[in-house]
Amino acid sequence: MTVQENISLKPYNTFGIDVTAKYFSTFHSSDELIEISHYPFFTSEHSLFLLGGGSNILFTNDLDGLVLKNEISGIQVIEEDKELVYVKAGAGVNWHQFVLFCLAHNYAGVENLSLIPG
């Protein structure tokens, strides 16, 4: 896992606001998130900001702390019976991609929620 310094957040928000994060990293699993919590700069003197897809955030200032971008992926069917399907999705899965997955597998019920922001 790499922690970068002074990274533009422009590609990470749908408004395209060009603000800078003092520290930036991504995580792809809960284990990576735990790992990064042991880094020396992960203290009370630095702010912490968790970032998803960036569609429900409007940045107005640079962030003088650590920005962690959630990229936990994966969609899998956990259980299926005659009436219900239980699907597990990673916290970093794009919602529209989740809806498309359900449609491709003929799992009805979420299609009316396609393309809603974050």
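In the neighborhood of L33, defined by Cβ-to-Cβ distances under 12 Å, what is the net charge if each Lys or Arg adds +1 and each Asp or Glu adds -1? The answer is -3.
Only one of (i) 115; (ii) 101; (iii) 131 was calculated from the structure for volume of the Cα convex hull per residue in Å³, and its label is (i).
Rounded to the nearest 0.05, what FRET efficiency is calculated for V77 and L48 with R0 set to 35 Å and r the Cβ-Cβ distance? Walk me through the intermediate numbers first.
Numbers: r = 33 Å, r/R0 = 0.95.
Efficiency computed from Cβ-Cβ geometry: 0.55.
Restriction of the chymotrypsin sites (Phe, Trp or Tyr not before Pro) in region 1-94 to DSSP coil positions whose beta-carbon has at most 14 other beta-carbons within 10 angstrom yields F15, F41.
Per-residue extension of 0.36 nm, minus the Cα-Cα distance of V85 and H38, leaves a gain of 13.2 nm for this segment.
Okay, helix-only estimate at 222 nm for the chain: each DSSP H run of n ≥ 4 adds -39500 (n - 2.57), divide by all residues, round to 500 deg cm²/dmol; what do you get?
On the way: 2 runs with 17 residues, N = 118.
Result for the chain, helices only: -4000 deg cm²/dmol.
If each residue of separation counts as 0.36 nm, what is the full-extension length gain between L115 and I17 once their alpha-carbon separation is subtracted?
Numbers: separation 98, 0.36 × 98 = 35.28 nm, distance 2.09 nm.
Between L115 and I17, full extension yields an extra 33.2 nm.
Within the chain, DSSP assigns beta bridges of which about 45% are antiparallel (rounded to the nearest 5).
Each of G65, T20, N94 was placed along the dipole of the chain (beta-carbon charges, centred on the mean Cα), and the one lying farthest toward the positive end is T20.
Can you list the GluC sites (Glu not before Pro) in region 1-106 that are in a DSSP coil and have 12 or fewer other beta carbons within 10 angstrom?
Working: sites: E5, E32, E35, E45, E71, E79, E80, E83; in loops: E45, E71, E83.
In loop regions of region 1-106 (DSSP not H, G, I, E or B), the sparsely surrounded GluC sites (Glu not before Pro) are E45, E83.
Can you tell me the dipole magnitude for the chain around its Cα centre, using point charges on the Cβ only (Lys, Arg +1; Asp, Glu -1), in Debye to the nearest 20? Walk me through the numbers before you get to the answer.
Values: 5 positive and 14 negative charges, 51 e Å.
Rounded to the nearest 20 debye, it is 240 debye.
Only Lys, Arg, Asp and Glu carry charge here, each on its Cβ (+1 for the first two, -1 for the last two); on that basis region 64-112 has a dipole of about 100 debye about its Cα centre. Using only Cα atoms, tell me the angle between helix 95-104 and the longest principal axis of the chain; keep it within 0 to 90° and round to the nearest 10. Approximately 20 degrees, to the nearest ten.
Straight-line cross-link partners of K22 among the lysines, defined as a Cα under 21 Å from its Cα and at least 8 positions apart when in the same chain: K10, K69.
I want the local charge near E45. Using Cβ-Cβ distances under 14 Å, sum +1 for each Lys or Arg and -1 for each Asp or Glu among the other residues. Surrounding charge for E45 is 0.
Where a number appears in this text, it was derived from the coordinates with a stated rule and is not lab data. What you are looking at is a predicted structure, and each value in this text was computed from that prediction instead of being measured. So basically every Cβ, Gly included, is an ideal-geometry build from the backbone, and we count neighbours across all protein chains shown.
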